[in-house]
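Every number in this text was worked out from the coordinates using simple rules, so none of it is lab data. Quick caveat, the model's predicted, so the values are computed rather than measured. A quick note on method: Cβ atoms are made from the backbone with ideal geometry, for glycine too, and the neighbour counts reach across all protein chains shown.
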Amino acid sequence: MKLFNTLLVTFLFSQYAFSQNIESLNKLFYYGKFSEFLTESTKLLKKNPDNSDLLYKTGTAYQFLNKNKQAEIYFKKAYLIDTTNTNYINGFAKISEINQNKNKAIKLYNKALKEDSLNFTALNNLSKIYFNNKNFGKALNLYKKLSVQDSLNPYYYRKIGLCYLKQNKAESCLSFYQKAYEKDTTNLISIKSLAAVMLKTKKFNEAINICNKGILIDSSLSDFYKIKANVHFVKTHFYRAIPEYLKAMQKGDSSYNVQKRLGIAYCKTKKFKNALPYNLNVYKKDSTSYSNTLYLCRTYLGLGNYDKSLEFAEKTLKLIRFSKRIEYQVYDYMSDIYQNKKEYNKALAILKKQRNIFEIKNSYFNISNFYKSALILEKTGNKKEALKFYKKITYYYENHSFDKDNTYYKYSKQQITKLKEDLFFEGK
């Protein structure tokens, strides 16, 4: 009996001492004194190696100190002692993810969800892994579950919308961005995201209205001005896009795309002097983009710097490999350059090259070519050849798309009559 009482007292004392140690350890842990905590916890674990809670906290302390390899050892031990504890499963999963073992993390998070299908940590972390792995379908299903659990949080509605967007389902994503906005109409991220999606789905007026609401909340953000500018740019309202791009730049966005579109907008509105610095900036950042060289070609042409324009026309031709329309336009600019330089034979040679781009010689694309060729031939006194091109123009409109009010058609009919008379009296 005495022996039993002695053992009981010893056991109770050891349990009391252990609980006191745990209490002091918990204080160190919750006050963030992780190095001190680890010194004491590793000592205690030598005597109590199967204490899963202490193993879990030791792993967590190592994780806070960015000692992730050591952390994984302790999370794994805690998990192996109690494989149904979702805290241990999630802890082991997270550290596996940090240590770049995402496949193990996915398996563990799925195990946690088998234990508890609504486990928030597992749903949240697993959805992020799927999204980052571009498995947007699986991520979408998890974000939908999270949005039910945390129905007032606009973040999850935005993520659902983004998953749809990544799957090229722009129309499906719009309602979720709208929900995110409705949950908090002052959330600037939700406002910006909704405006961007409205632009993508061609709801242009709605996009501008949402941007204006965002500007009322915080007029210092460049994104709202940029989206408004992009709306006008897509609608080819370049004169309206320009001031919005300038505002975006004033608010700190001098990105490549903003400068590129601003340069194009100035070019399209024939403000070539304003266009030049922006077109040069984007060309310096990317000299391999044929659109950058193309707009510099157009800008220099508008400024009357024909040699520079010709230089960038030739650079564009070297860069393009796939677009007949772009090649056609470059030749158009080059013919204008040579005309302005009064090098008419070179202009005619370029126009001949241009005519050979499209297989159907009398296609709509060649009407402006025929017209330019005829005008140049008249300037050089070659009335007989000019007459041939004017006839091609009238033939096209009379047999394909007759429009008696078309400028090309009316002028060509007039010149055919005039040139026939001239050639008759000249005996040709």
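Relative to 2.2 N^0.38 Å, what does the C-alpha radius of gyration of region 305-360 come to as a ratio? Two decimals please.
This ratio for region 305-360 stands at 1.08.
Strictly over 20 Å apart at the Cα level, which of K128/K159; K192/K226; K346/K383; K260/K324 would you flag in this model?
Where the Cα-Cα span goes over 20 Å, the pairs concerned are K260/K324.
Per residue and in Å³, how big is the convex hull formed by the alpha-carbon atoms of region 255-357?
87
Mind checking which of S373, G427, T407 is farthest towards the positive end of region 363-428's charge dipole, using Cβ charges of +1 (Lys, Arg) and -1 (Asp, Glu) about the Cα centre?
It is G427, whose Cα lies furthest towards the positive end.
Pull out the extension gain between K67 and A170, defined as 0.36 nm times the separation in residues minus the alpha carbon to alpha carbon distance; nm, one decimal.
Details: separation 103, 0.36 × 103 = 37.08 nm, distance 4.26 nm.
Here the segment from K67 to A170 would lengthen by 32.8 nm.
Compute the angle between helix 407-425 and the longest alpha-carbon principal axis of the chain, please, reported from 0 to 90 degrees and rounded to the nearest 10.
Approximately 30 degrees, to the nearest ten.
Going by Cα centres, region 238-290 and region 102-151 are how many Å apart?
Each part reduced to its Cα centre gives a spacing of 42 Å.
So how strong a dipole does the chain carry about its Cα centre when Lys and Arg Cβ are +1 and Asp and Glu Cβ are -1, to the nearest 20 debye?
Using only the charged Cβ atoms, the result is roughly 1220 debye.
Please go through region 26-72 and write out the chymotrypsin sites (Phe, Trp or Tyr not before Pro) that DSSP classes as loop and that have at most 16 other C-beta atoms within 10 Å.
Numbers: sites: F29, Y30, Y31, F34, F37, Y56, Y62, F64; in loops: Y31.
Those satisfying the criteria are Y31.
When all alpha-carbon pairs of region 164-316 are counted, what percent fall beyond 19 Å?
In whole percent, the long-distance tail amounts to 57.
GNM, the chain, Cα, under 10 Å: largest mean-square fluctuation among K69, K46, K352?
K46
Among (1) 4, 19, 28, 26, 14, 4, 2, 1, 1, 0, 0; (2) 4, 17, 20, 20, 18, 13, 7, 2, 0; (3) 4, 14, 15, 15, 14, 12, 9, 6, 5, 3, 2, 1, 0, 0, 0, only one was calculated for this model; which label is it, if the read-out is P(r) over Cα pairs in 10 Å bins from 0, in percent?
After the calculation, the listed value that fits is (3).
For helix 272-285, report the angle its Cα long axis makes with the longest principal axis of the Cα atoms of the chain; keep it between 0 and 90° and round to the nearest 10°.
Relative to the chain, helix 272-285 is tipped by roughly 50 degrees.
Take every Cα pair under 8 Å in the chain that's 6+ residues apart, average their separations, divide by the length, and report that relative contact order as a whole percent.
4
Please order K57, K413 by the number of other Cβ within 10 Å, starting at the fewest.
Least to most surrounded, the residues fall as K413, K57.
To make sure I understand, if each residue's beta carbon is the centre and we count other beta carbons within 10 Å, what order do H237, H232 fall in, fewest to most? Mind dumping the intermediate values first?
On the way: H237 15, H232 21.
Least crowded to most crowded, the residues run H237, H232.
Helix 170-183 versus the longest principal axis of the chain: what angle, 0 to 90°, nearest 10, using Cα atoms?
The two axes meet at around 50 degrees.
Can you compute the helix-only [θ] at 222 nm over the chain? Use -39500 (n - 2.57) per DSSP H run of at least 4 residues, normalise by all residues, nearest 500 deg cm²/dmol.
Numbers: 23 runs with 337 residues, N = 428.
Dividing the helical sum by the residues of the chain leaves -25500 deg cm²/dmol.
Calculate the spin-label point distance for E421 paired with D184, positioning each point 7 Å from the Cα along the beta-carbon direction, and give it in nanometres.
7.8
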